[in-house]
């Protein structure tokens, strides 16, 4: 068993370092960082990464995370938004957490540019590429400030790298579902001070 806490001669060991070493000895794990993993591991080798707090197993080709890290602060990400062309926005909040391949998060965007009416609103810049075949991955609300209209709907995943919004209701009236093509998009164009807020959960295409 090898234990690598990223220490060199003369470094001061903290209580956390000692705890990690003791845990490694008790569990029989290789303790290292994500940059100092064993160079030629055998299939089934298990490690604990002190920097990512992940426990991983080498499956023959990659280091797969099989025990989720302890829950911590959510990680920020930077969404992009389009409605038939670029639409600028201010990211008030956009965070996610990853547990294995499962990604969950939310975002609150305030529009500062203008989109094109009758076109789908699309979010790019996802934290991770998604696995193929996912359809509905979340819920959303879009606030059209100028028309005092709120659109409640679903978040779809038409590609592995984008979200699209499926409006289901306008104010309190239930409407039919719109499609995900440009011809069946939002009749209103995104404009300055409009709000796009949504939550999501999806499976990443690959291990961390």
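Read-outs: derived from the displayed coordinates by stated rules, not from any lab. It should be emphasised that the depicted structure is a prediction, and the values quoted were computed from it without experimental measurement. Positions of Cβ are generated from backbone atoms using ideal geometry, with glycine treated the same way; all protein chains shown enter the neighbour counts.
Extension gain, residue 117-residue 45: 0.36 nm per intervening residue step, less the Cα-Cα distance, totals 20.5 nm.
The distance between label points at residue 131 and residue 74 comes to 2.3 nm (points 7 Å beyond Cα on the Cα→Cβ vector). Using a Förster distance of 35 Å, how high is the FRET efficiency between residue 205 and residue 110, based on the Cβ-Cβ distance and rounded to 0.05? The computed FRET efficiency comes out at 0.70. For the pair residue 15 and residue 152, label points projected 7 Å from Cα toward Cβ lie 4.9 nm apart.
In this rough spin-label picture, where each label sits 7 Å from Cα along the Cβ direction, the residue 61-residue 102 distance is 2.5 nm. Note on residue 192/residue 53: beta-carbon distance plugged into 1/(1 + (r/R0)^6) with R0 of 35 Å gives a FRET efficiency of 0.30.
Normalised radius of gyration (Cα atoms, divided by 2.2 N^0.38 Å) for segment 75-203: 0.98.
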